[in-house]
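Notes for the one structure printed next.
The values are calculated or read from the model by the stated rules, or taken from the named source; none is laboratory data. Worth saying up front: this structure is predicted, and the values here are computed from it rather than measured. So basically every Cβ, Gly included, is an ideal-geometry build from the backbone, and we count neighbours across all protein chains shown.
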Amino acid sequence: MNFVNHLNFTNFNIFLSKNEKNIINNMIGNHIEKIQKTLKPYLSDYNLYLGGSLARKEPSIEKRSSNYITLKSDVDLVIVGTHPPTYDLKTLEQLLQHKYPNFRDTVIFLKKDALPFLNFSLAHDFFVEMEHPIHESFAIQIPNYINLTTQHMLAVVIHQIIGVLFPNAKTDCKKGVEIKDLTTWHRDPTYQKIKLFLEIMRMLSVHKKGTRGATYYEAYQLRHEPIITNVIEPEIFISFLKAREIWCNTYPNDNINLPNILQKALKEITGEDLLINILENIQKKFYPTENLLDIFPLAILTAFLIQSVSNQEQQIIGDFYFNIIKNLPIFYSNQSHIEFTQSNILELLKNLRAKFITAWWEKVSFINN
């Protein structure tokens with residue numbers, strides 16, 4: 001059966017009307033048909049799949065008027081083959097952007113032989129739709145679904161934090177490790193903050209329900225349960241869900257302190273009350289080494305959460321923060337004398353961002369194996 005004809009891309013959207021779902025389903029289906037034709041010359045040895053929120057069937061739309069709606073979410077495309085393409089993936093993205101400027105199409109590559117070993121949330125999303133390839137050059141056995149954990153979702157939250165802290169940063173990953181700008185796909189700072197809030201809720205949902213909690217819809221189903229209500233009122237949660245699902249360029253609640261929300265969520269996950277104990281718990285469970293892949297996300301998490309600490313906690317958290325930061329590669333360079341201030345440390349973290357994302361992608365994708 002044709003990929004386009006059977007999929008309900010909006011199955012888990014909560015607030016779209018039946019008419020809006022029909023419009024968006026047709027819009028996405030028609031666009032994917034065009035992608036099939038446009039990219040076919042580049043895919044003689046490759047399969048092409050859909051990932052991201054479209055694979056999870058809960059895209060975001062943009063409503064510019066009562067008579068005009070369009071897709072807000074990216075169309076995340078996954079190329080799979082036995083070897084990396086000889087062409088730069090950015091070439092395909094630029095081609096698609098030129099031909100279809102009303103959509104944002106992103107492309108990543110994954111090796112066929114690595115699929116059974118993949119263990120990160122982006123892979124989970126596209127595994128869900130692997131039985132419906134957009135383009136298929138060879139048969140492939142669909143891997144078992146990834147059992148999503150709190151650690152998987154905390155990594156997603158931290159990527160969103162990076163986008164909030166560094167909204168204008170760019171990622172310059174080397175060819176063959178192209179992963180896109182994971183944290184600024186949508187560019188709009190307001191939308192980015194909404195996404196961060198909702199990824200925190202999705203993290204709580206996965207913590208409670210495992211892989212079954214992987215969608216915003218499943219998090220919504222928990223809105224009256226303590227794991228959510230201890231963090232945020234259901235009505236506010238709903239307002240953020242709706243603001244993302246039907247984007248009208250507005251932030252739902254200016255009184256929401258995101259570092260405070262995240263601290264409450266991590267309290268639910270760790271069972272710890274004090275922020276220092278929360279951070280130490282997370283460090284021990286998820287980021288125990290002095291490798292960049294552990295130090296950088298822990299530093300980002302601390303940099304974000306430190307914004308919500310009381311005066312009494314400042315010194316304790318500051319000491320923890322410094323003990324992380326001093327192990328970053330930049331502190332082994334001639335800049336190690338830099339003054340320890342939040343703005344200076346954020347600048348150092350911003351400069352390490354591309355290095356971290358490249359190293360992370362090489363590890364989780366097995367791209368160089």
Being at pLDDT below 95, in contact with a helix residue (DSSP H, G or I) (Cβ under 7 Å, 6 or more places away or on another chain) and not acidic (D, E) narrows V128, V157 down to just V128
Of all residues in region 250-286 being in contact with a Phe, Trp or Tyr (Cβ under 8 Å, 6 or more places away or on another chain) and in a loop (DSSP other than H, G, I, E, B), the one that is nearest to M201 (Cα to Cα)
I256
Given (1) crowded, with 20+ Cβ neighbours inside 10 Å; (2) within 23 Å of C248 (Cα to Cα); (3) of a type outside the set (G, A, S), number of the condition E62 does not satisfy
(1)
Kindly indicate whether any position in region 90-102 is closer than 23 Å to V128 by Cα, out of contact with any Pro (no Cβ under 8 Å at 6 or more places or on another chain) and at pLDDT 95 or above.
no
Return a yes/no flag: does region 34-55 have any residue that is among the small types (G, A, S) and either more than 18 Å from E136 (Cα to Cα) or in contact with a Cys (Cβ under 8 Å, 6 or more places away or on another chain) (or both).
yes
Scan region 303-319 and give yes if some residue there is of a type outside the set (K, R), within 18 Å of A359 (Cα to Cα) and either in contact with a strand residue (DSSP E or B) (Cβ under 8 Å, 6 or more places away or on another chain) or touching a residue at least 12 places away in the same chain (Cβ under 8 Å) (or both), otherwise no.
no
Pull up region 194-229, narrow it to residues that are at pLDDT below 95 and not hydrophobic (A, V, I, L, M, F, W, C), then point me to the one that is farthest from V157 (Cα to Cα).
R212
Find all pairs meeting these conditions: Cβ atoms under 8 angstrom apart; at least six residues apart or on different chains; first residue within region 271-293 and surrounded by 13 or more Cβ atoms within 10 Å (Cβ to Cβ); second residue of a type in the set (F, W, Y).
I276/F320; L279/F320; E280/F320; L292/F356; L293/F356; L293/W360
Can you tell which of I236, I200 is surrounded by 22 or more Cβ atoms within 10 Å (Cβ to Cβ) and within 13 Å of K264 (Cβ to Cβ)?
I200
Residue pairs meeting the criteria (Cβ under 8 Å; at least 6 apart or on separate chains; first surrounded by fewer than 15 Cβ atoms within 10 Å (Cβ to Cβ), in region 248-262; second assigned to a loop (DSSP other than H, G, I, E, B)):
N249/D188
Any chance region 230-242 includes a residue that's in a helix (DSSP H, G or I), under 22 Å from I61 (Cβ atoms), under 18 Å from the mean Cα position of the chain (by Cα) and at pLDDT 95 or above?
yes
Check every one of the strands (runs of 3 or more DSSP E) wholly within region 34-143 and list those with 2 or more residues that are among the acidic types (D, E), without any contact (Cβ under 8 Å) to a residue 60 or more places away in the chain and more than 29 Å from L241 (Cβ to Cβ).
none
Checklist (1) of a type outside the set (F, W, Y); (2) surrounded by fewer than 20 Cβ atoms within 10 Å (Cβ to Cβ); (3) at pLDDT 95 or above applied to N19, failing item:
(3)
Check E245 against each of (1) more than 27 Å from T149 (Cβ to Cβ); (2) buried (at least 18 other Cβ atoms within 10 Å of the Cβ); (3) among the acidic types (D, E) and name the one condition it does not meet.
(1)
Some residue of region 38-53 being surrounded by fewer than 18 Cβ atoms within 10 Å (Cβ to Cβ) and either in contact with a strand residue (DSSP E or B) (Cβ under 8 Å, 6 or more places away or on another chain) or more than 27 Å from K111 (Cα to Cα) (or both)
yes
Could you run through region 297-325 and say how many residues are among the charged types (D, E, K, R) and surrounded by 13 or more Cβ atoms within 10 Å (Cβ to Cβ)?
1
Here the qualifying pairs (Cβ atoms under 9 Å; residues six or more apart or on different chains; first in region 349-369 and part of a helix (DSSP H, G or I); second surrounded by fewer than 16 Cβ atoms within 10 Å (Cβ to Cβ) and modelled with pLDDT of 90 or more) come out as F356/L293; A359/N291; A359/L293; W360/L293; K363/L293; V364/N119
